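The values are calculated or read from the model by the stated rules, or taken from the named source; none is laboratory data. Here the structure is a predicted model, which is why all the values come from computation and not from measurement. Neighbour counts are summed over all protein chains in view; Cβ atoms, including those assigned to glycine, are modelled from backbone coordinates with ideal geometry. Protein only, heavy atoms only, side chains kept; ligands, DNA and RNA dropped before computing areas. Shrake-Rupley method; radii C 1.70, N 1.55, O 1.52, S 1.80 Å.
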Amino acid sequence: MSGFWTCLKRELALAFKRLGDILTVVLFFTITLCLLPFGLGTEKDLLQQVAPAVIWVVAMLAVLLSLDQLLKRDQASGVIDHMLLAPISSVEYALAKWVANWLTTALPLIMVTPLVSLLYFAPTETLRLLILSLLIGTPSLTSLGLTASALT
């Protein structure tokens, strides 16, 4: 399991070197959710009704934004070939990629959600359920994206 921690540290270090990629995802999420109430109107009941669905759709799009480069850089630079020849299992490598991607993209989105939900007048209970569903659902989205990225 030490191979996992080594790969995870490497992935997190690389992610924070490309801080712009993380900020792009978070800013896309925030700006899109800030602009949507202007298009929907300021009716409190309507905004409360659509808040969970709108936040979920924008979160999915934001996570998809981050998945494009998930394995491309490693494949182009030959890192994947080296990882397959290294004594680390490919499962540890994939799991480290998955955890690092989730920590650097989905987790910041979940942390920003309470602030942005203020624009939608989301009740506390709805916000709790929304955050819980994002904590459960975004790892699934990341898994699907990693699988699709590996297949392509």
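Select from the range 38-47 the residues that are without any contact (Cβ under 8 Å) to a residue 40 or more places away in the chain and open to solvent by less than 60 Å² (accessible area, probe 1.4 Å) and write down the one among them that is farthest from TYR120 (Cα to Cα).
Only one residue tops the list, namely GLY41.
Within the range 6-37, the residues that satisfy the criterion of being among the hydroxyl-bearing types (Ser, Thr, Tyr) and touching a residue at least 60 places away in the same chain (Cβ under 8 Å) are THR6, THR30. Of all the criteria given as (1) under 22 Å from LEU12 (Cβ atoms); (2) within 21 Å of the chain's Cα centre (by Cα), the one not satisfied by THR152 is (1).
Assessment of the range 75-98 against the conditions (more than 17 Å from THR147 (Cα to Cα) and under 19 Å from the mean Cα position of the chain (by Cα)) yields no matching residue.
One residue stands out in the range 115-133 among those that are open to solvent by less than 60 Å² (accessible area, probe 1.4 Å) and more than 17 Å from the chain's Cα centre (by Cα): the one that is nearest to GLY3 (Cα to Cα), namely LEU127.
Of all residues in the range 128-152, those that are more than 16 Å from PRO108 (Cα to Cα) and in contact with a helix residue (DSSP H, G or I) (Cβ under 8 Å, 6 or more places away or on another chain) total 7. The residues of the range 116-152 that are closer than 18 Å to LYS44 by Cβ and either in a helix (DSSP H, G or I) or among the β-branched types (Val, Ile, Thr) (or both), listed by number, are VAL116, SER117, LEU118, LEU119, TYR120, THR124, GLU125, THR126, LEU127, LEU130. Of VAL112, VAL50, all but one fail to be touching a residue at least 12 places away in the same chain (Cβ under 8 Å), open to solvent by less than 50 Å² (accessible area, probe 1.4 Å) and under 16 Å from the mean Cα position of the chain (by Cα); the exception is VAL112.
One residue stands out in the range 64-101 among those that are open to solvent by less than 40 Å² (accessible area, probe 1.4 Å) and at pLDDT 90 or above: the one that is farthest from PRO139 (Cα to Cα), namely ALA100.
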